[in-house]
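Derivation of every value follows stated rules applied to the coordinates shown; laboratory data play no part. Remember, it's a predicted structure, so these values are computed and weren't measured experimentally. Methodologically, a virtual Cβ is constructed for each residue, glycine included, from the backbone with ideal geometry; neighbour enumeration extends over all protein chains shown.
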C-alpha cells in the first residue's frame, strides 16, 4: 500500500472510530436519562412513510435526511400519548419541515394531529405569527429569535403532557401552551387533532433539505 493511500486509510479509520465512540456515548447518555433512541443511524426501522414524495426520507452518514427531492410524512410505527421528544436538526436556507405529534397516519398531520413547525428564518413568503419555527402550526405562535442560522445544528425538545404542549429550542422555552385555553370555534373546527390524546410522531417534509440526528423519546405517565 502506498504511503498516501495508507494515510487516507488511517484517517478514515480514525474518523470511523471517533464517530462510533460518540454514537456509543450518546446512546449511553440517553439510556441513563431514560430516553429511548428512535433512530439507529443506519435504517428506518421503527418508522413508516405515508404519502412519500420523490425519494422520501433517506439515511446518510448517520443522519435522517429529508432531501430536496423528497419529503412527505415519515411516522413512528408506535403511537405515543405523553412524552418528551428530543432531537437535533439543521436546514438549508429557507428549509421547511415539521414534527407531527399525536397524529393519525395521514397527510394532514397539522390538522388531524398537531404540527410543531420547523422553518428557517430565511423563508421568503409572508407568514402568520403561528407559522414561524416552533409554533403549533396555525394555532399557537412561538417566541422568535432563538433559531440558529441555516446550516447550523439546533437542539429541540417537545413535551406533550396531557393538555400541555411545550417546545424548547436551544435551551429556551418558545412555546408553553395549555390546549384547553384555545376557545376559538373556527380554530377548533379546523384543527380537530387538538382533541387527540395519543398518536404517531412524524417528520413532515416539504421538498427542502432538512437533516435530523439524536432522535429520542421519554414516555411520561
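If each residue of separation counts as 0.36 nm, what is the full-extension length gain between residue 189 and residue 170 once their alpha-carbon separation is subtracted? Walk me through the numbers before you get to the answer.
Working: separation 19, 0.36 × 19 = 6.84 nm, distance 3.27 nm.
Gain on stretching residue 189 to residue 170: 3.6 nm.
What full-extension length gain, to one decimal in nm, is calculated for residue 144 and residue 51 as 0.36 nm per residue of separation minus the Cα-Cα distance?
Length difference between fully extended and current span is 30.4 nm.
222 nm [θ] for the chain, helices only, -39500 (n - 2.57) per DSSP H run of 4+, per residue, to 500?
So the calculated ellipticity at 222 nm is -6000 deg cm²/dmol.
Quick check on the exposure proxy: order 206, 133 from fewest to most C-beta atoms within 10 angstrom.
206, 133
In whole Å, how far is the Cα centre of segment 81-151 from that of segment 33-51?
The distance from the Cα centre of segment 81-151 to that of segment 33-51 comes to 19 Å.
Could you list 186, 92 so that the one with the fewest beta carbons within 10 Å of its beta carbon is first and the one with the most is last?
Arranged by neighbour count, lowest to highest, 186, 92 become 186, 92.
Could you state the principal axis extents of the C-alpha atoms in the chain, from the largest down, to the nearest angstrom?
Extents along the principal axes, in whole Å: 73, 41, 33.
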